[in-house]
Amino acid sequence: MKLKILNLLSDEQMEGIKSSLSDLITSRLAEKYEFAIAPLKRAKASLHNWQPDIIIIHDPCSWGILPYLITLKFIKGKAKLVIQDRHYSANFERIKITSTFVFRLMLRLCHWCADRLLLVSHAQGVWMKKHKLVRSHKVTVIRQCQNCDRFLSLEPKTIEKPLTLAAYGNFIEQKGFDILLQAVGLIPYVQFQLKIAGSGSDEAALHRLAEGNSKVQFVGQVEDIPAFLNDCDVVVIPSRWEPWGDICLEAKAASKSVIVSAVDGLVEQVQDFGYLVPPADPQSLAKAIARVCEMPPEDLKAQGMDARESVINAWDDYLDEWETLLCQLLKE
């Protein structure tokens, strides 16, 4: 009989998290484990009907879900309760939280309910341990991943000048597209094209920022991300905070050099495969873009190939780490 893994999430989180879970629950782990996804508000009924061995909470910790966590702690029986945190980081706290005391108290109470806290980057772990937001023995870091075969299968692009830069994601404060557009405006003398894909609440403001700049092209929501990346030379990720940053992983798998903000989980992804710039600093980002545009095409291509090589086994390693975690939990 397969061991049962119940994934709980709210309706608000359902679409995005189900997408990221789909690779995992259809992977080779499905040979040993049976996965299910259920709404957090039906947690008690799901436990009663399905009797899982492990319960994983995917919502961000909050005062709103704390009552669910407390209830689960006391009714779960022998099942292990895991909170996976893809949401919070040192830079999120610095930018978005006005009362660190209240925020950290909430996190400590939520983490108290769990048998394990699963983090998506080592940067998260450093921040949480520094501020004693969770007991160290509860922390496991499995760096976020996805099945990157559709990116790894792309033929490396011949790089020609002027370069085509790409940026994509949700048009929200976190992603920093306004910083990127400010940076582009600072270097009118540098020749390149910038393609920006995505949508979101900041879209109108971003279009106003880019007005009159012929270098910038908004291409809308992109369904085929590998094809979008295949048409570019370098990927820019100007985020203000990023617990992990899936886009960096995708860019590397597509053999692209990257320019990224030096925040949270992005820092540990870059190594020698791109450029780190101070966050929310258009001047530094503009200098990095200009520097990349001056690089010989063969150096950029080599950098991209090294980036791909660094993630070629990432998916298998990710599944191995998940399997190790699940086995550990079942033995505890």
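The values are calculated or read from the model by the stated rules, or taken from the named source; none is laboratory data. Since the model is a prediction, treat every value here as computed from it, not as a measurement. Virtual Cβ from ideal backbone geometry, glycine too; neighbours counted across all protein chains shown.
List of remarks:
- Among the residues of the stretch 124-142, none qualifies, meaning not one is within 30 Å of Lys195 (Cα to Cα) and either modelled with pLDDT of 95 or more or of a type in the set (Lys, Arg) (or both).
- Number of the exception - Lys73 against (1) loosely packed, with under 14 Cβ neighbours inside 10 Å; (2) at pLDDT below 95; (3) charged (D, E, K, R); (4) within 27 Å of Cys327 (Cβ to Cβ): (2)
- Qualifying residues in the stretch 294-316 (those that are in contact (Cβ under 8 Å) with a residue 40 or more places away in the chain and in contact with a strand residue (DSSP E or B) (Cβ under 9 Å, 6 or more places away or on another chain)) - the one farthest from Ser257 (Cα to Cα): Pro297
- Identification of strands (runs of 3 or more DSSP E) wholly contained in the stretch 113-184 with 1 or more residues that are without any contact (Cβ under 8 Å) to a residue 40 or more places away in the chain and among the hydrophobic types (A, V, I, L, M, F, W, C) yields 116-119, 139-141.
- Consider the stretch 70-98 and keep the residues that are in a helix (DSSP H, G or I), within 24 Å of the chain's Cα centre (by Cα) and among the hydrophobic types (A, V, I, L, M, F, W, C). The one that is farthest from Met128 (Cα to Cα) is Ile95.
- Restricting attention to the stretch 260-272, the residues that are surrounded by 24 or more Cβ atoms within 10 Å (Cβ to Cβ) and in contact with a strand residue (DSSP E or B) (Cβ under 7 Å, 6 or more places away or on another chain) total 3.
- Residues located in the stretch 125-147, provided they are buried (at least 22 other Cβ atoms within 10 Å of the Cβ) and either among the basic types (Lys, Arg) or within 17 Å of Trp322 (Cβ to Cβ) (or both): Cys145
- Condition check for Leu6: surrounded by 17 or more Cβ atoms within 10 Å (Cβ to Cβ) and either among the β-branched types (Val, Ile, Thr) or out of contact with any Lys or Arg (no Cβ under 7 Å at 6 or more places or on another chain) (or both): yes
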